[in-house]
Each structure stands twice: as C-alpha cells, then as structure tokens.
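> Here it is: the structure, laid out below.
The values are calculated or read from the model by the stated rules, or taken from the named source; none is laboratory data. As the structure is a computational prediction, the values presented were derived from the model and not from experiment. Here the Cβ positions follow ideal geometry from the backbone for every residue, glycine too, while neighbour counts run over all protein chains shown.
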Amino acid sequence: MIEPVRIVPLSESAITVEFGDTITLENNQKAIALANELNNEPFDGMIEAVPAYKSTTIYYDIFSVRQANSEISGGPAVEKIVRDRLRNLLLRDEVKAQTKVIEFTADAGEFDLQYVADTKQISVNEVITIFTSAEYRVFMLGFLPGFAYLGTIDERLVLPRREKPRQRVPAGSVAIAGRQAGVYPLDSPGGWHIIGQTSTPMFTPVADNITALRAGMRVRFEAV
Amino acid sequence: MSILVEKAGILTTIQDGGRFGYRSLGINVSGPMDPFAMQVANILVGNKPDDAVIETHFPAAEIEFEADTHFAIAGAEMTAILDDVPLRNWSSYRADRGQRLRFERPSFGSRSYIAIAGGFQTTDWLGSRATNLAAKCGSFGRPLANGDRLEKHNICENSSSLTVSPWMLPRYNQFPTVRVLSGPEFHLLNEDAVNHLTNENYTISNGSDRMGFRLEGEPLNCTGFGEMPSAAVTFGTIQLLPDGKLIILMADHQTSGGYPRIATIAAVDLPLVGQLGAGDGVSFAMIDRETAESLLIERYNDLEQLRRGVALFGKK
C-alpha cells in the first residue's frame, strides 16, 4: 500500500500525485510504478499517465470521466480511482532488462570536458573514470523527445549549469549538470556541460522503440 | 486531389487534436493554439472536431484549391478572400477548382484555421497529424513551405455555406481576463502575491511563440525558491521564474518543467489566450476546479449543438 504525500490538480483535466518532497529512489519508483499501472490498465476517460522525479501526472478527458462517474464531479472521481489503484500497487523493478550501455567519445576539444576537469581540479581522465564507473537510473523523460534525466552524478563532478546556455547543442552530446546527466537526442539549446558525444540514437521517430531509454531503466557509459 | 500552398506565410502548420500517449517519452501533444476555432472549423464542414486543419499566422498562407472543396475558416479576423470575394469568418463555403484563398488584413487575433471536408490527409505520426516542430515529425514535420501540396479526400458532396451564431463564440478580446485554477505550487504564493497575480495587467512580450508566452508586468514579490525537480506541465500552465516573472506554456510546450506551476488557465479560456500576440494583454481571475469543469462541459455541449445544427442545415 502506497500513501501519496498529496494529490493536487494540475488543471481541470489532470491531477498530479506527489510522493514526497525530495528525489529519492523510492519516490521515483512509486511514480513510475503508478504510471505503468495506469497506462497498462487505463480507467474510463484516462488519456495518459506520466511519471516525473517524484510525482505522477494523470491526464484525462473530463467529459468521458463524468459520463463514467455520474455521481460526483470529474476531478474527485479521478482522485478516488487513483487512490484505489495506489492501495494495491506493488513496487517492482519497473524494467527488468539489463543495464543499457551507451558508448561515447570523450571530447576535450570544443566543449566542456576540460572546463569540468579544471573547475573540479582533477584531470580529464579522472572525470571520465568517475563518470563511467557509476550506473545511472533514468528518473524520467522530458525537455525533448527522448531526453532522459539520469542520476545520480558523483559529487566530485557536480557543477551548476552554464551561466549562458548554448544556442545549439548538437544531437548526441553527453552532458552533466548538478547531480544529473543526459544525452541530447536532437540539436537544441542547452545549458549543461558537454563532456562527449555518442552515436547511439536517443530518439528514432519511426521504430518499435521510439526512444532508447524509458523511465526506470539503468544506464552505464563507456568511453571509446 | 489536393490543395496547393502558393505562399506559405510566416508560420503555417498542420494541427489536429494532438498527439496523446507519448508524453512519458518527452513527446509533447502539439495541437492548435486556439482549440475552439479549430473545432468549429471542422464541425462546419462535417468533420470530427479534432481532424487536421491549417493553422496560419499573419502574413498568412495563400492556397489554391486544385479540386472543388468544401472548406471553413475560423479564429482570428484576417479578412479572408476567395478570389475577389471577402468571406465571413466562422463560416463554411464551397470553393471551385482553381479558386484561391488568401488573408488580406489582420484586425483581431493571431491565428486563423482552415478546415476542409474530410480533413487534410497529411502524414500521420503516432496517431496524429499535428506538426511537432521539436521532433520534426507529423505532417511535413516543419511549417508549410511554398509549393507544398496537401492531399484531400475526393469529397465535396455538401457545399452549404453556414455561419456560427455570435452567441456561441468565446469572448475574444485583445486584453482578456482569463479564468485560472490554482496550480500544484500555488501554495508558494503569500496573500500579497495572490492579490498581485489577480490584479496585474500583463503584456505578452516579444519572442512569445507556440511554445510559450512571456509576460511583462510587475514581478511577483515572491522569491527564495528557484527551480524544483522537473514535473509534468500542461497547455495553460503558468510558471513562476526565479525573478518573479511569469510564463504561460502554450501548445508546443515541453512535457516537463522545473519552475513552480502556480496556476493553470482554465481550458475553456485557452482559446482567448491562444489568439493573443506580442503587445496584447492578459489578466487573471481565480476560479475553482469544479467551476472550470462545468464550464468545459458547457463548451462541449455548445459544440455538440453546433454539430447537430450543421448536420441538419447542411443537408438542405
């Protein structure tokens, strides 16, 4: 049985279920488990459930929800359904598949690898060793199609975002900011520190797996 | 059977009801900035409310009908002209093969919609034809360009010309007061900040686009928090930036955001905001969720009534 910290409306057609005030593995597991449960067995009128770091947002069509639950208004009806589902929700390993390995080329040239090393007063090689020796969790996807928020970065590499975001970060850039890492799936503006490039596509519009990563997966990086 | 884009205009895209079910992969919904206008245009030609339409800004698209076509226009007032004849907005017409539709002069609003009977048969991606500019997918995966051809079904059995009664239209205004619900982080605002939010007249700043509107106005005196862990957002979410300024997330917003979501525009009033452009204004009035729900249900019912009316009169 899982107790949410709170359930709040995001709009008249969506609610957000908060599992805690801080990002923890457990809060994130709950968020992903609830989203999976609902997406596998949607209630009448549900559009989709979307997990984030420590919350799940459920979007619904108010007209269909009201038709299916005529006795109360839509928002409270959805909240009741979600609370019932949470009561029976079991935490499992969301994705059983083995750890996904992303090969990348460390790049001390044009971008920020040297800057990260200098600022943290370690060598470029140490940056790469620290970065590649950890296993990361996909906490959520967002920002861009296929952009996965990976955590958690070793404290020795933690840096605030760039003061001036770049207008164009190339697709395939492996980047870090704060306790997070990510791979840019598309060319886009971005404020994270780029430490390398991968040729593994993160977003493939027409494929069985549109995105290389999904919330709950595990990822390791290998420098080549 | 097609429609030729003679001139594309500055930002003309194919949109439909949106792409649902993929937000957990970071793929946003897209869709029209003014959902009401899109739905009315579709209903006027006997389509499903969420079929694919053209959304056009001024300078707008100029198109040539390469086959007889039953079409409708709705949304911004931009003086639509079919060959030489001015058209009424919020209306359906028949175009003969070879006729051209253009928009001459904007007098109110920022986005016009063109629907054709049967809907535009452009490329479907993940169940929707809405153009996703970030992913470069859906229809052309980009704004329309000069010379593009839009496929259509060979139907023009119904050529009635109908106009929507003015009573049905939302209260479009260049400086609307729109109704908002409290958002998940509304509790960060103290009483002064809430009063400020509902008394200030905000201006839509330059650089506002389909992703979001930045608002000019006295910053909310409410600091001490910056970013929070990323969480889901929606069309109409009002985010509070660290400097006290506000952003309204619009149709092409990203799926998640790290700024406090202090309020959300009631869906029933999204069309009012969706017609605004740089220099226009907006102010906010709080309502509760139940009221917002009821208003949205009323809107559904109005559109259903329109659909029945069109089905009835369209047969004559």
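> What residue, of B:A72, B:A52, is surrounded by 24 or more Cβ atoms within 10 Å (Cβ to Cβ), outside the structural domain of B:L272 (by TED's automatic domain parsing), more than 15 Å from B:Y300 (Cα to Cα) and in contact with a helix residue (DSSP H, G or I) (Cβ under 6 Å, 6 or more places away or on another chain)?
B:A72
> Hey, could you check the stretch B:152-208 for residues that are aliphatic (A, V, I, L, M), assigned to a loop (DSSP other than H, G, I, E, B) and out of contact with any Cys (no Cβ under 7 Å at 6 or more places or on another chain) and say which is surrounded by the most Cβ atoms within 10 Å (Cβ to Cβ)?
Among them, the one singled out is B:V164.
> Okay, next question. Can we say A:D61 is surrounded by fewer than 12 Cβ atoms within 10 Å (Cβ to Cβ) and either without any contact (Cβ under 8 Å) to a residue 60 or more places away in the chain or among the small types (G, A, S) (or both)?
no
> Specify the residue that is farthest from the other protein chains (Cβ to nearest Cβ); the eligible residues are those in the stretch A:36-54 that are in contact with an Asp or Glu (Cβ under 9 Å, 6 or more places away or on another chain) and closer than 14 Å to A:E79 by Cα.
A:G45
> Just for the stretch B:280-299: of the residues that are part of a helix (DSSP H, G or I) and of a type in the set (G, A, S), which one is farthest from the other protein chains (Cβ to nearest Cβ)?
Ranking the qualifying residues of the stretch B:280-299, first place goes to B:S294.
> Okay, next question. Scan the stretch A:64-91 residue by residue and report those that are at pLDDT below 90 and in contact with a helix residue (DSSP H, G or I) (Cβ under 7 Å, 6 or more places away or on another chain).
A:N69, A:S73, A:L89, A:L91
> Starting from the stretch B:136-165, keep only residues that are away from chain A (no Cβ under 14 Å) and under 24 Å from B:G31 (Cβ atoms), then list their pairs with residues that are surrounded by fewer than 14 Cβ atoms within 10 Å (Cβ to Cβ) and at pLDDT below 95 whose Cβ atoms are within a distance under 9 Å, requiring at least 6 positions of separation or different chains.
What qualifies is B:P143/B:I10.
> Quick check on my filter: what residues within the stretch B:55-69 are surrounded by 24 or more Cβ atoms within 10 Å (Cβ to Cβ) and more than 17 Å from the chain's Cα centre (by Cα)?
B:I63, B:T69
> If we keep just the residues of the stretch A:16-26 that are more than 9 Å from every other protein chain (Cβ to nearest Cβ) and touching a strand residue (DSSP E or B) at 6+ places or on another chain (Cβ under 8 Å), which is surrounded by the fewest Cβ atoms within 10 Å (Cβ to Cβ)?
By that ranking, first place goes to A:L25.
> Now for a different question. Kindly evaluate A:V127 against the criterion of being touching a helix residue (DSSP H, G or I) at 6+ places or on another chain (Cβ under 9 Å), more than 17 Å from A:A14 (Cβ to Cβ) and either touching a residue at least 60 places away in the same chain (Cβ under 8 Å) or surrounded by fewer than 20 Cβ atoms within 10 Å (Cβ to Cβ) (or both).
yes
> How do the pairs read when you match residues in the stretch B:274-294 that are on the phi > 0 side of the Ramachandran plot with residues anywhere that are at pLDDT 95 or above, using Cβ under 8 Å and keeping only pairs 6 or more apart or on different chains?
As it stands, the answer is B:G279/B:T203; B:G279/B:I204, since those pairs meet every condition given.
> Sticking with this one: State whether one or more residues within the stretch A:38-51 are among the β-branched types (V, I, T), within 29 Å of B:L249 (Cα to Cα), at pLDDT 95 or above and in contact with a strand residue (DSSP E or B) (Cβ under 9 Å, 6 or more places away or on another chain).
Checking the stretch A:38-51: at least one residue is among the β-branched types (V, I, T), within 29 Å of B:L249 (Cα to Cα), at pLDDT 95 or above and in contact with a strand residue (DSSP E or B) (Cβ under 9 Å, 6 or more places away or on another chain).
Every residue, every condition in (1) outside any helix (DSSP H, G or I); (2) touching a residue at least 40 places away in the same chain (Cβ under 8 Å), yes or no:
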site	(1), (2)
B:R19	yes, yes
B:M33	yes, yes
B:M38	no, yes
B:H70	yes, yes
B:A74	yes, yes
B:N89	yes, no
